[in-house]
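Participant: I have a structure I would like to understand better, so I am pasting it below and will then ask my questions one at a time.
No lab work stands behind these numbers, since they all come straight from the coordinates. Remember, predicted model here, so these are calculated numbers, not experimental data. Ideal geometry is used to build each Cβ from the backbone, glycine not excepted, and the neighbour counts take in all protein chains shown.
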């Protein structure tokens, strides 16, 4: 951007008088931004993105559909056909409504329609659509606006859809209805409280030892994720958090190895070749300091840590006390002297922190739990209190599918430890393979099904070849919740087309289940030690990883595994949204409706989204999109984000461009943010450019902010410029704002000119330069003054309203922009998580 004048008056006056030079400077400032619009098309073109505000009956568009409702954005997810009685069908569609950059409220639209079936043609004509009911759990007042918006966009002439697609939807959603609530197991795990830095090392049952190839004097405990060795003298050696520990017994005491013996180091190197180990919180290649203590568990265990001795504080508006320095939600009810802890969405209570714990149903808690304020630091527990708005929204969000269009040419591979070994699934006629990390299901001796990364595959033998399935036997959806592969029942096939299959999964695939009573929990609660052969394949685990939920302003309904304190409070989970050890690493908190496993295929199967975790714990997400709106505007864009729960670092960015061949309008923009959730430091910026040859308008702007969410210190700035060839008007301005220890400073300067009239104006903080004769105005505590040949003279403010108000409006606008930068966008809260500190929130 051009320099907008200095404090010296001659520079500003020169800028005003040289209007042609100003226009040239403006275009020169626009040129770099116009040139810096590198196309952001994906390597492989994804399906066209849904057009905003397109009619609900528009063919060829994906779900969800987006609509503007006043200042809010309404998203309607793929409808689910729930009833089909003769020529009348009924169903519902999940919805989300809220500010574009805020958290939505969730709800449902219930509808009915007339269905006329032509079996010969394989088509169904749908007409007489009716909205029977609209429910918005978090914002009941929004229901009327949602109904009006939907009714305006229902296809007036009806809609024709393939019969097979409607039948598939009906069959799928009958099965989904059976999964809306499931009787999970709620046996309490072993609960350990500690006030020092501690790492939990879970072993799946009693330790299983296998010789380390190349280091025969050592054995490895293979049914655990970290590197745990045993030498021929009986001493155990554990590598965790960048430190080596040793102990004569698994139960401890574990002491730090002062100098690692050469044979231990050699055995560790050999063991890593056959099976990579979880580093257990090693940060950026450096050991955690000070080294944490070690707790080894061979049964379901949850570790709850406090930063020093436990501290109880009253919860506003209730009689409850909360443990403010714990990495889990811990409460005490003074009326009964009972402690309550929330683990994986389940409440347990006990008389003391080291005593016996019993399960408490989410609808049997003391009434004060429902009175916890949504603004309380522990407000995310409301997700797990039956009847609350947060619990209702989480239950709705748990029904919304993540879908993708998959090429039917996509393939997958399955590996076994030796020959395939199948065992019966109780209560069914099915079997599943135990010696593979993938869930391979035998329907009969010539029909096998398998889920990989949210996609169903089928084969005629366990060895394959595996191809994308177009049909899933109904028997698979009878797999009981007690089975280790129960999670596959949440993966669906929604429609089949000649070249692609539309597939999807609901959050149950990731372990999020709605239990009776209407609250979500993580994990089934059933214990399974997995398969042990030459290798170990673990089962989905419920406890030991700090699993929890949140409904926040940044992510809506989110879930994940706690990073705990900056040094970490839990080991890396080894089970993610599909079966397999170390599949996803440490998740941290994610939006359950945005975590998309399909991008792990790269561009081979689906190309419209991506999400994952690197081996070092950094979570990343990305999305590529392009298409054409209903009015002919072509667009393309991409976005990405990353977060490392170990270090607290995060970053995000997006860029896009558009062009309308009819009007000639074009533009591009990009934005980014980075920071650290633990220190509170952040930085962000954005820039954009727009041109429209029809209107003659060309403009560009950029802005940025840096600061600290905890201290409140911040700085922000914005530059903008524009030129209109039709009106011969141009402008350029610059504003900076700083806040340091509560002191706010604003600096605003700029210039505007009209080449047709010859009028120009410039402002530089308290001074305004305007008119043909170069009048100069200044504002101070006593009011406005005009400089004349005889010096500064007071002026009548009313007589100079247009000119004098310009500067004041600029300063007011600057203050508003500062509040937007420093307060709304980058202050407060965590990274959308239950254990978040500060950082990128709204």
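Participant: If neighbour count is taken as other Cβ atoms inside 10 Å, put 492, 216, 408 in order from fewest to most.
Facilitator: Working: 492 24, 216 11, 408 15.
If I rank by nearby Cβ atoms, fewest first, I get 216, 408, 492.
Participant: While we're here: In terms of the Cα gyration tensor, with a ≥ b ≥ c the square roots of its eigenvalues, is the stretch 287-426 rounded because a/c is under 1.5, prolate because a/b exceeds b/c, or oblate?
Facilitator: Because a/c hits 1.5 or more and a/b exceeds b/c, the stretch 287-426 counts as prolate.
Participant: Which order do the peptides 373-380, 475-482 take when ranked by the mean count of other beta-carbon atoms within 10 Å per residue, highest first?
Facilitator: 475-482, 373-380
Participant: Among 161, 330, which comes first, second and so on when ranked by fewest other beta-carbon atoms within 10 Å?
Facilitator: Values: 161 16, 330 22.
Result, fewest neighbours first: 161, 330.
Participant: Now for a separate question. Classify the stretch 485-542 from the C-alpha gyration tensor, please: rounded if a/c falls under 1.5, else prolate or oblate depending on whether a/b exceeds b/c.
Facilitator: It comes out oblate by the Cα gyration axes.
Participant: Hey, can you rank 518-527, 681-690, 421-430, 442-451 by average C-beta count inside 10 Å, highest first? List each step's numbers first, then the result.
Facilitator: Working: 518-527: 22.6, 681-690: 19.8, 421-430: 14.8, 442-451: 17.9.
Going by the mean number of other Cβ atoms within 10 Å, highest first, we get 518-527, 681-690, 442-451, 421-430.
Participant: Continuing with this model, one more query. Going by average Cβ density within 10 Å per residue, which order do the peptides 706-712, 316-322 take, highest to lowest?
Facilitator: 706-712, 316-322
Participant: A further question follows. I need the shape label for the stretch 401-494. Rule: rounded when a/c is under 1.5, else prolate if a/b > b/c, else oblate, with a, b, c from the alpha carbon gyration tensor.
Facilitator: oblate
Participant: Grab the Cα-Cα distance for residue 363 and residue 445, subtract it from 0.36 nm times how many residues apart they are, and report the gain in nm with one decimal.
Facilitator: 24.9 nm
Participant: Calculated FRET efficiency, residue 429 and residue 470, Cβ-Cβ r, R0 25 Å, to nearest 0.05?
Facilitator: Approximately 0.70, to the nearest 0.05.
Participant: Then there is this: With only alpha-carbon atoms counted, please give the Rg and Dmax of the stretch 207-297, in Å.
Facilitator: Cα only, the stretch 207-297: 12.2, 33 Å (Rg, Dmax).
Participant: While we're on this one: Of 471, 549, how do they rank once you tally other Cβ atoms within 10 Å and put the fewest first?
Facilitator: Working: 471 13, 549 30.
Fewest-to-most Cβ neighbours within 10 Å comes out as 471, 549.
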